[in-house]
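Data block below; observations after.
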Amino acid sequence: VAGVSLPLPLLDRRRGAVEAAEAEARRGVAEAEGLRRRIAREVEEGRDALIAVREQLALLAPHLGVEAERALRSAQVAYAEGEIGLVEWLDAVRAWQEAEASYATLRAEALVRQAALERATGTARDGNDGTSGAGAPGNGR
């Protein structure tokens, strides 16, 4: 005895709808997993970028603040007393200004990186992490 089984659309009308819903659910799961991976990557990249900028700030900070201003004043006094020439004095002023400008640029970059990280994580930080408010250690900013 042999038999053939064919589903008749009249008897199995909801099977297509069930399969479509299952496919839609699988697509939703795949999209969610892709989104989860993208967010994890953005968070990791944002954290790494913020750490790199903070390391640069930490390297530059000792060259700023009170010590840098003392060195600039010393150069000004030396120039006023004729111990150094105009070129040496201008070089000291330029070096101080470049250091200050670099520091300001890096601080701005740190704030941008922090905002990107906050956007990726959906959180807001309190700003007590050395990137806002106080400036360089001993700088009085």
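The values are calculated or read from the model by the stated rules, or taken from the named source; none is laboratory data. Bear in mind the structure is a predicted one, so any value in this text is a computation, not a measurement. With ideal geometry, Cβ positions are generated from the backbone for all residues, glycine too; neighbour counts draw on all protein chains shown. Side chains are part of the model used for accessible areas, which takes the heavy atoms of the whole protein and leaves out ligands, DNA and RNA. Shrake-Rupley method; radii C 1.70, N 1.55, O 1.52, S 1.80 Å.
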- Here is a list of conditions, (1) surrounded by 11 or more Cβ atoms within 10 Å (Cβ to Cβ); (2) at pLDDT 85 or above, and ARG26 meets all of them except one; can you say which number that is? (1)
- Considering only the range 17-46, state which residues are within 30 Å of ALA115 (Cα to Cα) and among the charged types (D, E, K, R). GLU31, GLU33, ARG36, ARG37, ARG38, ARG41, GLU42, GLU44, GLU45
- Extreme residue, farthest from the chain's Cα centre (by Cα), among residues of the range 29-44 that are open to solvent by 90 Å² or more (accessible area, probe 1.4 Å) and under 30 Å from ARG107 (Cβ atoms): ARG38
- Task: Specify which of the listed residues (TRP89, TRP96) is touching a helix residue (DSSP H, G or I) at 6+ places or on another chain (Cβ under 7 Å), surrounded by 11 or more Cβ atoms within 10 Å (Cβ to Cβ) and farther than 30 Å from GLU109 by Cβ.
- Result: TRP89
- Item | Residues of the range 45-74 that turn out to be closer than 16 Å to THR121 by Cα and open to solvent by 100 Å² or more (accessible area, probe 1.4 Å), as a count | 2
- Query: Would it be correct to say that GLY65 is at positive phi and without any contact (Cβ under 8 Å) to a residue 40 or more places away in the chain?
  - Reply: no
- Query: When you go through (1) of a type in the set (Gly, Ala, Ser); (2) surrounded by 10 or more Cβ atoms within 10 Å (Cβ to Cβ); (3) modelled with pLDDT under 90 one by one for ALA21, which number turns out not to apply?
  - Reply: (3)
- Item | Filter result (open to solvent by less than 30 Å² (accessible area, probe 1.4 Å) and at pLDDT below 90) within the range 107-141 | LEU117, ALA120, GLY127, THR131, GLY135, ALA136, ASN139
